[in-house]
1. Filter segment 233-252 down to residues that are in contact with a Pro (Cβ under 6 Å, 6 or more places away or on another chain) and open to solvent by less than 60 Å² (accessible area, probe 1.4 Å), then give me how many there are.
2. Out of all the residues in segment 148-162, is one or more among the charged types (D, E, K, R), modelled with pLDDT of 95 or more and surrounded by 13 or more Cβ atoms within 10 Å (Cβ to Cβ)?
3. Name the strands (runs of 3 or more DSSP E) wholly within segment 1-41 that hold at least 3 residues that are open to solvent by less than 80 Å² (accessible area, probe 1.4 Å) and out of contact with any Lys or Arg (no Cβ under 7 Å at 6 or more places or on another chain)?
4. Pairs please, first residue from segment 106-134 and in contact (Cβ under 8 Å) with a residue 12 or more places away in the chain and on the phi > 0 side of the Ramachandran plot, second anywhere and open to solvent by 60 Å² or more (accessible area, probe 1.4 Å) and outside any strand (DSSP E or B), Cβ atoms under 7 Å, 6+ apart in sequence or on different chains.
5. Considering each of Thr112, Thr102, Thr21, Thr132 in turn, give the residue that is farther than 30 Å from Val171 by Cα and modelled with pLDDT of 95 or more.
6. Do the conditions hold for Thr116, that is, is it loosely packed, with under 12 Cβ neighbours inside 10 Å, among the polar types (S, T, N, Q) and within 18 Å of the chain's Cα centre (by Cα)?
7. What are the residues in segment 193-244 that are of a type in the set (A, V, I, L, M, F, W, C), in contact with a Leu (Cβ under 9 Å, 6 or more places away or on another chain) and farther than 13 Å from Gly270 by Cβ, if any?
8. Test Tyr143 against the stated conditions and say whether it is under 23 Å from the mean Cα position of the chain (by Cα) and either at pLDDT 95 or above or part of a loop (DSSP other than H, G, I, E, B) (or both).
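The values are calculated or read from the model by the stated rules, or taken from the named source; none is laboratory data. Quantities reported herein were computed from a predicted structural model and do not represent experimental measurements. Here the Cβ is made from the backbone with ideal geometry for all residues, glycine too, and neighbour counts use every protein chain on show. The protein model used for the area step is the full one, side chains on, heavy atoms only, and it has no ligands, DNA or RNA in it. Shrake-Rupley method; radii C 1.70, N 1.55, O 1.52, S 1.80 Å.
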Amino acid sequence: TGYTITASGGGAKNYSFSYNTGTLTVSPRAITITPDAGQTKSYEESDPAYAYTITSGSLYGGDSLSGALSREAGANVGSYAITQGTLTSANNPNYAITFDSTPVYFTITAGTMTVTAQSYDGAYDGVAHTITVTAPEGAPVTYSTDGESYSATNPAYTVYAANARTVYYKVERANYTTVTDSATVTIGKAPLTITAKAKTITYGDAPTNDGVTYTRLVNGETSNVLTGELSYAYSYEQYGNVGNAYTITPSGLTGDNYSITFADGTLTVGALPVTLSWSGTSFTYDRA
C-alpha cells in the first residue's frame with residue numbers, strides 16, 4: 001500500500017489539464033504451505049529443518065521465505081504434529097501464507113546403543129569368571145542362562161566344563177532399541193605335571209620310589225583335589241644291572257579340573273657292597 005499513480009503528458013487545443021494522483025495497492029501473493037509427510041529422526045540425532053511444499057500458489061521470481069516450521073514439544077520416541085512455527089505472513093509480508101491444517105507428524109524413532117561384550121576363555125584357576133558387557137552409562141544390563149529369564153546377576157563359573165557356557169545379555173534403555181545378544185565363558189582344564197621323584201636303590205633291592213611332585217596346582221590347592229590311586233611302573237627289575245638309566249613312571253590320578261601329564265623320574269641302582277673275609281690262613285713252613 002501507499003504507492004501512487006501519477007498521470008502526465010496529456011494535451012488538447014481546447015483544454016487545460018490538471019492531474020490528480022491515484023493509489024496503487026499491491027496485495028500479498030497467496031500461497032499455501034503443507035508440511036511434507038514421513039519426516040523422521042532417530043532419538044540421538046538433532047531435529048532437521050522441517051520440510052514443506054507450497055501446494056497452492058508459488059513464490060515470485062527468486063524469492064524465498066523467512067522463518068521455519070516447528071513441531072509439538074517433546075524429546076521422547078513418538079510422533080509430534082508439525083506446526084506453522086515462524087513461517088508466517090508477518091515474517092513474509094509479500095505473501096499471504098495459509099498453513100495446511102491437515103495433521104502431519106514428525107516421528108522420533110528409537111536410537112541405537114553401542115554395546116560390546118567380551119567372552120572369557122582360559123584355563124581353570126580356581127577363580128570365578130563371567131562375560132564382560134560394556135553398555136552406555138545409565139543403561140542397565142541383565143543376564144540369562146536360557147535366553148528367557150533375565151536378572152541383574154551375571155552368571156559366574158569356576159570349574160572346567162567340556163563345552164563353553166553361553167550367557168545371554170539384554171540392555172534396555174528408554175528411547176533406544178533393546179540390544180540382546182550372548183557371549184561365552186570357557187574354562188579349560190589346567191595343565192598339571194606329576195613327576196616321580198628320583199630314587200636310589202642298591203643292586204638286588206626291589207624297585208621302589210620316593211613319591212611325586214606336583215607342578216602347577218592352582219589357587220593353593222593340594223593333591224587332595226585329585227582322585228584315583230597313585231601307582232608306579234619301573235623299567236628296572238630286581239637284580240638288574242647297576243646303572244642310572246632306569247625310569248619310575250607314575251600314573252593313576254585324575255582331576256576334574258586338571259589335564260594331567262605324568263613325567264618319569266630316574267631310578268638309580270647302586271652297587272651292592274661286598275665284604276670279603278679269609279679263613280685257614282696259618283701255614284707250617286715247608287720251604288715251598
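1. Looking only at that region, the number is 1.
2. Taking every residue of segment 148-162 in turn, none turns out to be among the charged types (D, E, K, R), modelled with pLDDT of 95 or more and surrounded by 13 or more Cβ atoms within 10 Å (Cβ to Cβ).
3. Filter on segment 1-41 gives 29-35.
4. Gly126/Asn219
5. Exactly one of Thr112, Thr102, Thr21, Thr132 is farther than 30 Å from Val171 by Cα and modelled with pLDDT of 95 or more, namely Thr102.
6. Answer is yes for this residue.
7. Ile194, Ala196, Val212, Leu217, Val218, Val225, Leu226, Leu230
8. yes
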